[in-house]
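First up is the structure itself, then whatever we jot down about it.
No value in this document is a laboratory result; all are computed from the given coordinates. Fair warning: this is a prediction, and the values are worked out from it, not measured in the lab. All Cβ positions, even for glycine, are placed from backbone atoms using ideal geometry, and neighbour counts span all protein chains on display.
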Amino acid sequence: MAAPIKTCFYVTNGNYFRTKRIARIWGHFILRPHSVRVRFAPSPTGMLHLGGLRTALYNYLFAKSQKGTFILRIEDTDQTRLVPGAMDKLEGILSWTGLVPDEGPRQGGSYGPYIQSQRLAIYQENIQKLLQNKTAYPCFCTPKRLELLRRDAVRRGETPKYDNRCRHLTSDEVTERLEKKLLHVVRFKLEHTTDTWEDLVKGPSSHDVANIEGDPVLMKSDGFPTYHFANVVDDHLMKVTHVLRGDEWQPSTMKHILLYRAFDWSPPHFAHLPLIVNKDGTKLSKRQGDLHVENIKNRGYFPEAVLNLVTKIGGGFDMDGTNGMGLDELTQKFSIEKVKSSHGRLDMQTLDDANLEHLRIKVNGAERSLIIDQLRELVSTAYSERLGDASITDHILSSQYIGSILDWAVSEKRIIKTNDLLDSKFSFLWTTPQEQDIADLKNSPVSVPDLLHGCITTLDTVRDFDIGHVTQSLRSLIKDEKLKMNTCMHCLRKSLSGLQQGPPVAEMMTIIGKKNTIQRLKHTMDVLTKS
């Protein structure tokens, strides 16, 4: 594992610098190391998307690989977009994937509250600091005026932005409007800059945000902060040392750095993770339901496989890939230097491949009994009315039988997920023919009870119960009895499963095993002879 990274701020004359070169210009410097602290800060506005999980995962991996702290902060300042229950579901998904925060709404911590709507007094206190040092100002422009500005810009083919009108109000004009209790927001004075910052993924980056944006709102008229303001205040007060977030936030970074400067605070390190696009390179939509983590979970995928999919998109590991790795191994092998800087293409086939690999590991490893128990519960629920008599049910639900089915399905790559074995094409594994399923066998051109009796006697003598030996035994029986092969195979398939179609009869028999095969054939023979 790599040695823990220390965030270093070079300080001289009360000023903070990110590099020794700049610090030396101002004089002597001292080094202040801080242990790594990162945060995942989602908004509870819906289901967690794969992109959001990727951000959470990479923050977690970076923190844990550096023996640091992983924080969960809920950014719910946009009260109009909140979805009831979204925060609980989000925390549930993080728990399912193993990305359990060290600090957060449930865990608590020394820097809470960890829900922004509970920190309004903190934001009010800090906005006053910017108003006092004149880096922010009240703006009294009405929504109607702002809409007119937007329309004028669109008509001219320009990007809409605020014209900074209220920045130029005199102190008396501001006082007069405040005394009248006019509705207002607080805006930040953006300054032009050609400075660069060192992005841990993208490298040296710069963005003159004042060239394309007007002064942004920091505090809304309802007393709630905007994302940008609350983000900076919280990251500073929670002592966040590294901000790992999606590439779409890179243009906002200089705005945040300017806010840090306005407070005379030292900014954290920034790392912008690659944009996720579809397999064909088109833009990903958060409305794609199959990309919501909860939906993927409900389809039966393992959390480890979902994490493997996410790392495939973003990099951070050697070229060999991460399939089969659990969270601990991912943490050990993660390196921020190996995170991709280019777009990551999402290929859902990767999820299937990863899940099959984890299923193989679990079935052949320490979690075998757990997977068997889970499948037993699924089968018991799905086929509760078709399992057959007690002796057959006991065998079908036995650990030995279920384990053998899992071994076959995994080794032959017949399934991707455990619950795939509930698909109708695999019903022959679990069902015992009901009387109505085999009623048509009474009209068969052959005596089915006699066929089944002969088959039972023959199969009972087969030692190596594999496809080759079973096939040979069945053919010899049918030939000796001078029966038609197709007719007999149809009768045997129906007798075993009640199905018209399915795998070849010999394969079906070897899959369910000798004991189960003979039990089912006896069951069908008894039903036919009694009816």
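Once C-alpha pairs closer than 8 Å and six or more residues apart are averaged by separation and normalised to the residue number of the chain, the relative contact order reads 11 percent.
Secondary-structure-derived ellipticity at 222 nm for the chain, considering helices only, amounts to -13500 deg cm²/dmol, per-run term -39500 (n - 2.57) for DSSP H runs with n ≥ 4. When only alpha carbons are used to place a centre, segment 321-371 and segment 444-518 end up 42 Å from one another.
Each peptide in 41-50, 91-100 gets a packing score, the mean of other Cβ atoms within 10 Å over its residues, and the list from highest to lowest is 41-50, 91-100. Once C-alpha pairs closer than 8 Å and six or more residues apart are averaged by separation and normalised to the residue number of segment 364-429, the relative contact order reads 37 percent. Pairs spanning more than 30 Å between alpha-carbon atoms, out of 189/279; 220/279; 202/239; 239/283: 189/279; 220/279; 239/283. Put simply, when 148-156, 213-221 are sorted by average Cβ atoms within 10 angstrom per residue, most first, you get 213-221, 148-156. Judged by the mean number of other Cβ atoms found within 10 Å, the most tightly packed of the peptides 321-329, 126-134 leads the ranking 321-329, 126-134. By the rule of a C-alpha distance below 20 Å, with chain neighbours fewer than 8 residues away ignored, the aspartates and glutamates paired with residue 144 are 152, 158, 163, 213, 215, 222. Cross-link partners of residue 417 among aspartates and glutamates, defined as those whose alpha carbon lies under 14 angstrom from its own and excluding same-chain residues fewer than eight positions apart: 304, 352, 353, 357, 407. For residue 413, the lysines whose Cα comes closer than 18 Å to its Cα, not counting residues fewer than 8 places off in the same chain, are 362, 425. What is the log10 of I(q)/I(0) for the chain, computed with the Debye formula using one identical point scatterer on each Cα and no solvent, at q = 0.06, 0.10 Å⁻¹? Values, matching the q order: -0.47, -0.88. With contacts taken as Cα pairs under 8 Å at a separation of at least 6 residues, segment 439-530 carries a relative contact order of 38 percent. Overall form of segment 447-531: rounded. Here a/c, set by the Cα gyration tensor axes a ≥ b ≥ c, is under 1.5.
With the cut-off at 16 Å, report for segment 237-311 the share of all Cα pairs above it, as a whole percent. Here the tail beyond 16 Å accounts for 66 percent of pairs.
Let me know the shape class of segment 120-273, please: from the alpha-carbon gyration tensor, a ≥ b ≥ c as square roots of the eigenvalues, rounded when a/c is under 1.5, otherwise prolate if a/b is greater than b/c, or oblate. Here segment 120-273 falls in the oblate category. Taken as Cα centroids, segment 116-152 and segment 35-98 sit 27 Å apart, rounded to the nearest whole angstrom.
Beta bridges from DSSP with both residues in the chain: antiparallel share about 60 percent, rounded to the nearest 5.
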